[in-house]
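Student: Right, I'll just put the structure down here and ask away after.
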Amino acid sequence: MPNYYCLYCDDSTDHLNVRQAALMAQVTRATVYNWMNRALLHYVIRPSGRKFICVRSLIRPRVYEGRATAESRPRALTHLPV
């Protein structure tokens, strides 16, 4: 399980690819993508284009529940902070 810096948790956290996140949450990959589009999960986009979901946001979804505004909606990181 890769460990990346999550800007929203402000910590280095474990991340899962979309397939692994779907298996862990016992949902389909489409549901995981839906949660990502609705800003219910934190995720990073690696230079390869692959998306990795922060495990903390996956196991505590209620923290991120609700309608996201443009200001509060997490944005995918396209690179790791230095």
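What follows is calculated from the coordinates using simple rules that are stated; it is not laboratory data. Predicted, not measured: the structure shown is a model, and the values here were computed from it. Every residue, glycine among them, receives a Cβ derived from its backbone with ideal geometry; neighbour counts consider all protein chains shown.
Student: Going 7 Å from the Cα of Met1 toward and past its Cβ, which residues in region 20-49 have a backbone nitrogen under 19 Å from where you end up?
Tutor: Inside the label zone: 20-29, 32-33, 36, 41-46.
Student: Between Ile59 and Ser12, with labels modelled 7 Å along Cα→Cβ, what's the label distance in nm to one decimal, could you check?
Tutor: Taking the two extended label points, one gets 1.8 nm.
Student: Each residue of region 13-18 in turn: what ³J(HN,Hα) in whole Hz from Karplus with 6.51, -1.76, 1.60 and θ = phi - 60°, glycine and Pro shown as x?
Tutor: 10, 6, 10, 10, 6, 4
Student: With every atom except the alpha carbons ignored, what do you get for Rg and Dmax of region 3-64, in angstroms?
Tutor: Here Rg and the maximum Cα pair distance are 10.5, 30 Å.
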